Amino acid sequence: MAREVWITGIGLTSSLGEGTEAHWQAIAVADPPRPKVDATSFAPYAIHPMVPLEFEKQIPKGGDRRQMENWQRVGTYTAGLALDDAGISGNTEILANTNMVVAAAGGERDLMVDQTILEGVGSAPQPAEFINERLSNDLRPTLFLAQLPNLVAGNIAIVHKVTGSSRTFMGEELASVSAVEIAARRIAADQGDVFLVGGAILAERKDVLLVLAGAGWGWHGDPVSVWARPEKGGGATLGSVGAFLVLEAREHAEKRGRTPYARLGTVLSGRSRREPGQAVAVATGQFETLRREAGDRSLGVLSGATGILQPTREERDWLAGLKAEGAIDTVRAMPNMLGASVEASFPSMVALAALSLSKKAFYRSIDDTGFEPSATTVPDAIAVNVWGSWRGEGMGLVLPA
């Protein structure tokens with residue numbers, strides 16, 4: 001018998017604020033919800049900027065704060081919020097047996113080197129040789145420790161004394177799905193009682209925006225719903241998000257008297273080459289599994305659709321078909337409020353799904369295309385669907401505890 005996985009702690013930081021209640025008020029209570037967007041600092045690209053955080057509250061030592069890059073501070077800070085919320089901060093016995101699975105991006109790049117390469121590659125007679133020469137000669141022979149992705153988990157271990165096993169995934173949105181999937185599977189298989197799982201991204205990084213722009217995925221123009229963007233060329237608006245969950249075996253949580261937000265059901269990850277119909281085929285197989293697990297419960301969907309042309313169009317049409325069949329009820333695209341949060345996308349939406357079920361209410365819509373009408377009922381379970389910008393399709397089910 002697989003053990004039940006309970007969500008007993010949530011840490012959330014974003015442009016909307018800090019903590020679960022700030023996010024609930026911004027997305028579910030405010031009428032209408034108003035996303036916070038900075039359209040000038042990185043024009044022509046808009047971002048959803050991180051709310052100011054008092055890092056010393058969760059990272060008290062100045063030396064610890066100084067040796068981290070800002071995106072690592074956000075991750076470490078948000079992980080502390082999740083541990084506080086679960087009631088295990090400072091409990092050395094539980095923390096010593098708390099495992100970590102983190103989704104992380106690469107560290108900040110040398111922007112001067114990147115700028116030099118970008119300025120010269122266009123006029124170079126042999127662009128490939130030019131790039132190889134510049135990378136060989138201009139990059140530092142060693143990296144700062146703060147640039148290593150697994151230092152997010154390392155810093156969490158140092159600051160919050162989380163000293164169980166640790167694993168770090170890289171690979172955009174799918175890394176965030178895999179992080180939650182692995183943690184949930186290990187709990188269900190009795191390979192650990194408590195896991196801290198999540199990720200963080202800062203949109204206020206020029207190197208991250210450079211990758212987005214280089215791929216042709218950046219959204220230009222006034223903010224519009226992600227569902228409207230495919231008809232206007234498509235594009236994503238990045239958002240700064242920190243999202244961590246404390247996942248716990250039911251027996252362990254009950255023994256210490258904790259009430260969960262919700263229960264985490266099956267989490268599935270997949271991958272396709274994104275030839276026409278392939279992503280839909282992967283997602284359909286995942287959905288059929290989750291639909292069976294949900295039984296006769298009404299099913300809402302939180303989507304991580306970014307607005308990027310091909311995946312958003314395919315996901316929209318696929319979800320529309322499920323709605324027409326009566327297989328799902330209300331859909332909400334969370335990037336409309338949070339921005340595209342890449343490595344933090346899946347845990348942030350699992351957190352919001354769990355929060356919704358615990359509140360017995362659902363989120364408002366700011367979509368003006370008609371795809372997300374106002375909810376007339378509250379779903380009994382929520383499917384979280386995240387497709388990577390390039391590759392990777394993941395889905396998870398969140399159920400009442």
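Rule-based calculations on the coordinates, nothing more; no lab input. This structure is a prediction, so every number in the text was calculated from the model and none was measured. Cβ: placed from backbone, ideal geometry, glycine included. Neighbour counts: every protein chain shown.
For segment 40-84, what Kirkwood radius comes out of the mean inverse Cα-Cα distance, in Å?
Across segment 40-84, the inverse of the average 1/r is 11.9 Å.
Over all directions, what mean area does the Cα convex hull of segment 8-98 project, stated in square nanometres?
Numbers: hull surface 30.5 nm².
Average of the hull's projected areas for segment 8-98 equals 7.6 nm².
If the viscosity is 1.567 mPa s and the temperature 4 °C, what Stokes-Einstein diffusion coefficient in µm²/s follows for segment 96-237 when Rh is the Kirkwood radius over Cα pairs?
Values: Rh = 18.2 Å.
Calculated translational D: 71 µm²/s.
Taking the alpha-carbon distance from LYS232 and a cut-off under 19 Å, which aspartates and glutamates remain once sequence neighbours fewer than 8 residues away in the same chain are dropped?
The qualifying aspartates and glutamates are ASP222, GLU314, GLU315, ASP317, ASP367, ASP368, GLU372.
How big is the equivalent ellipsoid of segment 1-41 along its three axes, where each semi-axis is √(5λ) from the Cα gyration tensor, reported in whole Å from largest to smallest?
Square roots of five times the eigenvalues give 30, 13, 9 Å.
Of the DSSP beta bridges with both residues in the chain, give the percent that are antiparallel, rounding to the nearest 5.
65
Across the Cα atoms of the chain, what radius of gyration and what greatest pairwise Cα-Cα distance (Dmax) are found, in Å?
Taking only Cα atoms of the chain, I get Rg and Dmax of 20.6, 68 Å.
Given the convex hull of the Cα atoms of segment 225-321, what is a quarter of its surface area in nm²? Working shown, then result.
Working: hull surface 34.5 nm².
For the Cα atoms of segment 225-321, the hull's average projected area reads 8.6 nm².
Hey, in the GNM for the chain with a 10 angstrom Cα cutoff, which one of LEU338, LEU135, LEU302 fluctuates hardest?
Its mean-square fluctuation being the largest, the pick is LEU135.
Let me know the whole percent of all Cα-Cα pairs from segment 165-270 that are separated by more than 19 Å.
When every Cα pair of segment 165-270 is considered, 58 percent fall beyond 19 Å.
When the Cα centres of segment 154-177 and segment 342-356 are compared, how far apart do they sit, in Å?
What the calculation gives is 16 Å, centre to centre.
Select from the chain the helices, each a whole stretch of DSSP H, whose alpha-carbon atoms run 18 Å or more along the helix axis and whose Kyte-Doolittle mean is at least 0.5; answer none if there are none.
Taking the DSSP H segments of the chain (at least 18 Å long, mean hydropathy at least 0.5), we get 172-188, 345-359.
Which value results when the Cα radius of gyration for segment 257-369 is divided by 2.2 N^0.38 Å?
Relative to the rule-of-thumb radius for its length, segment 257-369 sits at 1.09.
Please report how far the C-alpha centroid of segment 295-326 lies from that of segment 8-42, rounded to the nearest whole angstrom.
The two parts, judged by their Cα centres, are 23 Å apart.
What is the order of ASP193, ASP38, fewest Cβ neighbours within 10 Å to most?
On the way: ASP193 21, ASP38 16.
Fewest-to-most Cβ neighbours within 10 Å comes out as ASP38, ASP193.
Any idea how far apart ARG109 and LEU139 come out in nm if each label point goes 7 Å out from Cα toward Cβ?
Reported label-point gap for ARG109 and LEU139 is 1.0 nm.
Would you calculate the separation in nanometres between label points at SER41 and THR369, each defined as 7 Å from the Cα along the Cα-to-beta-carbon direction?
With each label point 7 Å from Cα toward Cβ, the separation is 2.8 nm.
To the nearest 500 deg cm²/dmol, what mean residue ellipticity at 222 nm is calculated for the chain from DSSP H runs of n ≥ 4 alone, each contributing -39,500 (n - 2.57), summed and divided by the residues?
-11000 deg cm²/dmol
What's the percent breakdown of Cα-Cα distances in segment 41-172 across 5 Å bins, shortest bin first?
2, 9, 15, 16, 16, 13, 10, 7, 6, 4, 2, 1, 0
For SER348, SER41, SER15, SER356, which order do you get if you count the other beta carbons within 10 Å of each Cβ and list the fewest first?
Working: SER348 35, SER41 11, SER15 21, SER356 24.
Arranged by neighbour count, lowest to highest, SER348, SER41, SER15, SER356 become SER41, SER15, SER356, SER348.
Please order VAL102, VAL301 by the number of other Cβ within 10 Å, starting at the fewest.
On the way: VAL102 29, VAL301 24.
Lowest to highest Cβ neighbour count: VAL301, VAL102.
Can you give me the Rg/Rh ratio for segment 275-328, using Cα atoms for both radii and the Kirkwood formula for Rh?
Radius of gyration relative to Kirkwood radius: 0.97.
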